[in-house]
Amino acid sequence: MAGGRKILVIIDATHEQHLALERMIITSEVKEPGAHIHLFISVDSENTDLGSENANLYRDDTWLKSITDKLDQTGVKYSFELCWSNEWQLAVLNSAKRFEPDHIFMPAPNEGKKSFFSNQQWALLRTAVPPVSIVRSKDTKPRKKMLAAINI
């Protein structure tokens, strides 16, 4: 993969661990040197309890700094935006239209849910122009093999 690629990483603001970002940091060190990472920080309203008592809906500068520190330590170029839209899929697509990424990294839904993806996530997978990688494993060590579906 050539350097200078643009990667959009979706961050769910209600999560403490950001697997898609961790996987992208590992990937950028190995296969994407010089990549620019754009963090799309939001909440998928279909996957989240939006009640005011949900403590994970409240984030501060310390939380944001914990995310950006990981990128600062690796020297990766990055930018970020925060989004409060209840039209999550359209907001991601609008961000992708502005940023023009070569790839999107999306965290998988929480385990133990009734359905694997929300309607918004399915819509994103169907309509995104760049490829979307779904990061679901908590094991973030570098991968030697990857399975990919290709539409020939």
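Output the number of residues of the range 104-150 satisfying the condition of being of a type in the set (Ser, Thr, Tyr) and at pLDDT 75 or above.
2
State all residues of the range 61-98 that are part of a helix (DSSP H, G or I) and touching a Leu at 6+ places or on another chain (Cβ under 6 Å); if no residue qualifies, say none.
89, 92, 96 - these are the residues of the range 61-98 that are part of a helix (DSSP H, G or I) and touching a Leu at 6+ places or on another chain (Cβ under 6 Å).
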Point to revise | Subset of the range 35-85 [in contact with a Ser or Thr (Cβ under 6 Å, 6 or more places away or on another chain) and within 19 Å of residue 100 (Cβ to Cβ)] | key: 35, 38, 40, 76, 83
Point to revise | Members of the range 56-74 found to be of a type in the set (A, V, I, L, M) and over 23 Å from residue 27 (Cα atoms), listed by number | key: 57
Study note, to complete from the structure: Counting only residues in the range 1-33 that are in a loop (DSSP other than H, G, I, E, B), charged (D, E, K, R) and modelled with pLDDT of 75 or more, the one surrounded by the fewest Cβ atoms within 10 Å (Cβ to Cβ) is identified as 16
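The values are calculated or read from the model by the stated rules, or taken from the named source; none is laboratory data. Here the structure is a predicted model, which means the values were calculated and not measured. With ideal geometry, Cβ positions are generated from the backbone for all residues, glycine too; neighbour counts draw on all protein chains shown.
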